[in-house]
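Engineer: Let me give you the structure first, and then I'll get to my questions.
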Amino acid sequence: MSEELHPSVAGAQPYMREERQGSGTTDEPLFESDEGRERLEKIRSRYPSARPALLPLLNYAQEKNGWVSTRAMEEIAGALDLTPACVHSVATFYTMYNKRPVGRYLIQVCTNISCHLNRGDDVLERFLEETGTRPGETSENGLFTVVEAECLGACGFATVVQINEDYVENVTPEKVPDIVDALWARAEGRDA
Ligand code: FES
């Protein structure tokens with residue numbers, strides 16, 4: 001996509017990616033690279049003031065590293081001329097921002113009412129079994145973190161599982177091994 005787009009249409013530029021760059025355990029600086037500075041400029045150019053750029057930059061931090069560290073919050077605060085406390089208060093308000101490292105694939109299993117009635121708890125158990133983890137724990141290979149989620153807003157397709165930014169719908173316990181295998185394959189580049 002052209003880098004010369006007018007700021008008025010820059011909002012259409014994607015800032016979320018299906019595959020995150022970091023492993024989920026790194027905490028790389030956000031704006032030291034050319035790419036990071038470019039993203040900062042692009043996001044910043046969409047808004048007349050600094051504060052509205054905060055959420056997109058928190059998204060970028062999570063996309064890059066898989067989580068948003070205190071250090072990253074301070075870096076964003078510096079870039080936007082906001083106080084670290086302001087950035088911290090916003091980042092901790094939203095549960096979608098991971099405040100601690102997660103695996104390369106963050107698997108969120110909905111167990112709310114529709115999904116609960118469609119074996120959501122069994123789906124969760126099966127993911128934990130297949131990845132050899134406990135809820136919220138990251139597998140030793142750094143690939144998987146499985147957590148229980150509240151309603152993901154796709155109740156007609158229960159059970160719903162969110163893997164990073166993707167939704168997987170109509171998941172049954174029987175489908176879980178194939179889903180985990182596909183993630184393994186993706187991580188190893190075997191699905192290319
Ligand atoms: S109850 Fe699971 S998506 Fe709404």
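Engineer: Treating each Cα of the range 87-154 as an identical point scatterer and ignoring solvent, apply the Debye formula and state log10 I(q)/I(0) at q = 0.19, 0.28, 0.29 Å⁻¹.
Structural biologist: One equal scatterer on each Cα of the range 87-154 leads to -0.78, -1.15, -1.18.
Engineer: Hey, got a sec? Which trypsin sites (Lys or Arg not before Pro) in the range 122-192 land in a DSSP loop and have at most 15 other Cβ atoms within 10 Å?
Structural biologist: Answer by residue number: R190.
Engineer: So if each residue of separation counts as 0.36 nm, and I subtract the Cα-Cα distance between D181 and Y47, what length gain in nm does that give?
Structural biologist: Going from the current span to full extension adds 44.1 nm.
Engineer: Where both partners of a DSSP beta bridge lie in the chain, what percent of those bridges are antiparallel, to the nearest 5?
Structural biologist: In the chain, DSSP labels about 55 percent of beta bridges as antiparallel.
Engineer: Ordered by residue, what ³J(HN,Hα) values in Hz, to whole numbers, does the range 144-150 give under the Karplus form 6.51 cos²θ - 1.76 cosθ + 1.60, where θ = phi - 60° and Gly and Pro are x?
Structural biologist: 10, 10, 10, 9, 8, 10, 6
Engineer: Given a Förster radius of 30 Å and the C-beta distance between M96 and E137 as r, what FRET efficiency does 1/(1 + (r/R0)^6) yield to the nearest 0.05?
Structural biologist: After rounding to 0.05, the efficiency reads 0.95.
Engineer: Name the most mobile residue of L30, L82, L143, meaning the one with the largest mean-square fluctuation, in a Gaussian network model of the chain with Cα contacts below 10 Å.
Structural biologist: L82
Engineer: While we're looking at this one, here's another question. Taking 0.36 nm per intervening residue step and subtracting the Cα-Cα distance, what contour gain separates E125 from E74 on full extension?
Structural biologist: 14.7 nm
Engineer: Given the options E174, E137, E63, state which has the largest fluctuation in a GNM of the chain using a 10 Å cut-off (strictly under) for Cα springs.
Structural biologist: Sorting by GNM fluctuation, first place goes to E174.
Engineer: With a Cα-only, solvent-free Debye model of the range 105-188, what are the log10 I(q)/I(0) values at q = 0.14, 0.15, 0.18, 0.19 Å⁻¹?
Structural biologist: With no solvent term, the Cα-only Debye profile gives -0.39, -0.44, -0.64, -0.72.
Engineer: Calculated from DSSP H runs of 4 or more alone, at -39500 (n - 2.57) each and per residue, what is the 222 nm mean residue ellipticity of the chain, nearest 500?
Structural biologist: After summing the helix terms and dividing by residue count, I get -12000 deg cm²/dmol.
Engineer: Something else: In the chain, which cysteines lack any other cysteine Cβ under 4.7 Å from their own?
Structural biologist: So far as the 4.7 Å Cβ criterion goes, C86, C151, C155 stand without a partner in the chain.
Engineer: How many nm separate the modelled label positions at E150 and C86, each set 7 Å beyond the Cα in the direction of the Cβ?
Structural biologist: Spacing of the two 7 Å Cα→Cβ label points: 2.7 nm.
Engineer: Here's a follow-up. Along each of its three principal axes, how wide is the spread of alpha-carbon positions in the chain, in whole angstrom units, largest first?
Structural biologist: Each principal axis gives a Cα extent; for the chain these are 49, 36, 30 Å.
Engineer: Find how many whole Å separate the alpha carbon centroid of the range 141-192 from the alpha carbon centroid of the range 61-103.
Structural biologist: Answer, in whole Å: 25.
Where a number appears in this text, it was derived from the coordinates with a stated rule and is not lab data. Please read all numbers here as calculations on a predicted model, not as lab measurements. Here the Cβ is made from the backbone with ideal geometry for all residues, glycine too, and neighbour counts use every protein chain on show.
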